[in-house]
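Colleague: After the structure tokens below, expect a handful of questions from me.
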Amino acid sequence: MRPTISIRGQKLKISDEMSKDCLSILYNTCVCTEGVTKRLAEKNDFVIFLFTLMTSKKTFLQTATLIEDILGVKKEMIRLDEVPNLSSLVSNFDQQQLANFCRILAVTISEMDTGNDDKHTLLAKNAQQKKSLSLGPSAAEINQAALLSIPGFVERLCKLATRKVSESTGTASFLQELEEWYTWLDNALVLDALMRVANEESEHNQASIVFPPPGASEENGLPHTSTRTQLPQSMKIMHEIMYKLEVLYVLCVLLMGRQRNQVHRMIAEFKLIPGLNNLFDKLIWRKHSASALVLHGHNQNCDCSPDITLKIQFLRLLQSFSDHHENKYLLLNNQELNELSAISLKANIPEVEAVLNTDRSLVCDGKRGLLTRLLQVMKKEPAESSFRFWQARAVESFLRGTTSYADQMFLLKRGLLEHILYCIVDSECKSRDVLQSYFDLLGELMKFNVDAFKRFNKYINTDAKFQVFLKQINSSLVDSNMLVRCVTLSLDRFENQVDMKVAEVLSECRLLAYISQVPTQMSFLFRLINIIHVQTLTQENVSCLNTSLVILMLARRKERLPLYLRLLQRMEHSKKYPGFLLNNFHHLLRFWQQHYLHKDKDSTCLENSSCISFSYWKETVSILLNPDRQSPSALVSYIEEPYMDIDRDFAEE
């Protein structure tokens, strides 16, 4: 493959056919012989060389398949900026090749260390970040930057993601690719699904497609087919779904990377969101038969199904797109944006600046925007559906950041609150992930919103229903603590407002009455501190620490902080564990200082979501950590000397 023989000073050019044979031998050797793939992966110059073979259409798919296998076992991530003429290589790919190339990109732009996983401890993450700062940008970040520097790259991805099935590649070239898959894929789940769907439809259409054995192709490279080569529509759809899966994944990773704002601008400019909105009913959330959905050997709810994976990837993209970014209003159409303005006008509050700044030429068209379409399918989703988690996360990301009354009312008017309460209370949802996502969404939807609390009280209109709701909250505070935080913050704001409507809600709402009781707050506070420790803090459960701080900050505002600390001390003694809880809280607050005082984004999120200045957060933590045992607001004043254990080093071993 890499000739060293020179003839009259010129390198011998190896034919594409010989390259294909070499690739075939290598691929099959990797499949059949243990350790070969790993040994090839260690040869970095060889892996880089493989990329150069992708310039030929005849060897593209075989090369891509081999590269994908090799990168899957490679210990160190390859750097795309080392690939000769990367920009020219990618720019010369046709859309079909680019879609397949995204399978390789998925491996090269995602961080190899899963440090972004919610399950990884913050201690480990912080240590990794310190290490990364000294080493400079990671290979994944370098690769993302290399791709974004290629002219037209993001634009082409947006076109691939939004093209309709009718615009996809013609029958002949698709048949050629299917033949290549048949030849190359050892695990032919994809082909198996396509073939079965095709056979089912061909029985009705008499549009049979004959797949020859490898090598039985004509001179032009096209496989022999029967007299009719009309491709069944469901096979075209499945083909397009598989392409879009890879493309949406790459766009999602780029949206979460260092160049997020640049990617956001480009995605908006190239109208990805309106394009996905137009595909929503016919492709993304299309009605399908079970036979078209399920892969051989899998069941209908298996996440390996292309249909299901596309939906999840689509929802993840929406979540990344909306999260703390003003471009989220592109998920609406012109009529819906006007509705937001009308809500603000009626409530006599200023319009959201981001709504006013939204470029109306880039928003969704049609009768409904993407957010409204998502709400419609969310309400129809079966109780046991795995999509509920992702749907709730995508909608919640639209509400995240500085609380917007207009955004909340837009969703409340569409029955979202009642749907959430039905799922939590009436269907008695058991999935922890779904419950957490619904509690988080409910918190964002109700925060500081009197109308939302009125609606809540109207739905939870009996003590029996309220007890079921409380049971769900108390079953796992890790999952429900964001709702507890939002209700606590709302209660504090309502108590400081002079308004008949607010006074009415305060007197009638069961939830506000429940949270307002000091014993309730102390019970939450005790459990929130008790279920977390520095060594087990993750991105998922650190919210418990911040919720406990919110309760104490609001107590400090009312000059009741010493009372709350004294009550915690009594609760410790009643549990026969003096010092255990307050020592743990002291360690947690020391970690909080290390974690948040060096991270701008996290501190901004805390400030925006709570409407409490970050300086007040910092002051409260400093007061609690005051070493003076005479201070009535210092934790050490409530830990008896024999049980003092506040200086322990909690660094990750």
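The values are calculated or read from the model by the stated rules, or taken from the named source; none is laboratory data. The model shown is predicted, which means the values in this text are computed figures rather than measured ones. No Cβ is skipped: glycine too gets one built from the backbone with ideal geometry, and neighbour counts run over all protein chains shown. We work out accessible area using only protein heavy atoms, side chains counted, and drop any ligands, DNA or RNA first. Shrake-Rupley method; radii C 1.70, N 1.55, O 1.52, S 1.80 Å.
Colleague: Name the single residue that is surrounded by the most Cβ atoms within 10 Å (Cβ to Cβ) among those in the stretch 334-380 being in contact with a Pro (Cβ under 8 Å, 6 or more places away or on another chain) and part of a loop (DSSP other than H, G, I, E, B).
Modeller: 363
Colleague: Mind listing whichever residues of the stretch 318-365 are modelled with pLDDT of 95 or more and touching a Cys at 6+ places or on another chain (Cβ under 6 Å)?
Modeller: 333
Colleague: Of the conditions (1) without any contact (Cβ under 8 Å) to a residue 40 or more places away in the chain; (2) surrounded by 15 or more Cβ atoms within 10 Å (Cβ to Cβ), residue 29 satisfies every one except a single condition; which number is it?
Modeller: Of the numbered conditions (1) without any contact (Cβ under 8 Å) to a residue 40 or more places away in the chain; (2) surrounded by 15 or more Cβ atoms within 10 Å (Cβ to Cβ), the odd one out for residue 29 is (2).
Colleague: For the list (1) of a type outside the set (Val, Ile, Thr); (2) touching a residue at least 60 places away in the same chain (Cβ under 8 Å); (3) out of contact with any Lys or Arg (no Cβ under 8 Å at 6 or more places or on another chain), I need the number of the one condition that residue 324 fails.
Modeller: The number of the failed condition is (3).
Colleague: OK, next. Assess whether residue 151 counts as being open to solvent by 40 Å² or more (accessible area, probe 1.4 Å) and at pLDDT 90 or above.
Modeller: Numbers: open to solvent by 40 Å² or more (accessible area, probe 1.4 Å): yes; at pLDDT 90 or above: yes.
When the stated conditions are applied, residue 151 passes them.
Colleague: Okay, next question. Could you pull out the residue among 505, 498 that is more than 25 Å from residue 529 (Cα to Cα), surrounded by 18 or more Cβ atoms within 10 Å (Cβ to Cβ) and either over 34 Å from the mean Cα position of the chain (by Cα) or modelled with pLDDT of 95 or more (or both)? Spell out how you get there, then give the answer.
Modeller: Values: 498 fails: surrounded by 18 or more Cβ atoms within 10 Å (Cβ to Cβ).
Exactly one of 505, 498 is more than 25 Å from residue 529 (Cα to Cα), surrounded by 18 or more Cβ atoms within 10 Å (Cβ to Cβ) and either over 34 Å from the mean Cα position of the chain (by Cα) or modelled with pLDDT of 95 or more (or both), namely 505.
Colleague: Residue under question is residue 460, and the condition is that it be over 24 Å from residue 543 (Cα atoms) and at pLDDT 95 or above; does it hold?
Modeller: On the way: over 24 Å from residue 543 (Cα atoms): yes; at pLDDT 95 or above: yes.
Judged against the criteria, residue 460 is a match.
Colleague: Could you tell me whether any residue of the stretch 623-639 is of a type in the set (Ser, Thr, Tyr), open to solvent by less than 10 Å² (accessible area, probe 1.4 Å), assigned to a helix (DSSP H, G or I) and at pLDDT 90 or above? Break it down stepwise before answering.
Modeller: Pass one, the stretch 623-639, residues of a type in the set (Ser, Thr, Tyr): 631, 633, 637-638.
Among the residues that remain, those that are also open to solvent by less than 10 Å² (accessible area, probe 1.4 Å) are: none.
For the stretch 623-639, residues of a type in the set (Ser, Thr, Tyr), open to solvent by less than 10 Å² (accessible area, probe 1.4 Å), assigned to a helix (DSSP H, G or I) and at pLDDT 90 or above: absent.
Colleague: Checking the condition out of contact with any Phe, Trp or Tyr (no Cβ under 8 Å at 6 or more places or on another chain), modelled with pLDDT under 90 and not basic (Lys, Arg), which residue from 88, 138 passes?
Modeller: Numbers: 88 fails: modelled with pLDDT under 90.
That would be 138, the only listed residue that is out of contact with any Phe, Trp or Tyr (no Cβ under 8 Å at 6 or more places or on another chain), modelled with pLDDT under 90 and not basic (Lys, Arg).
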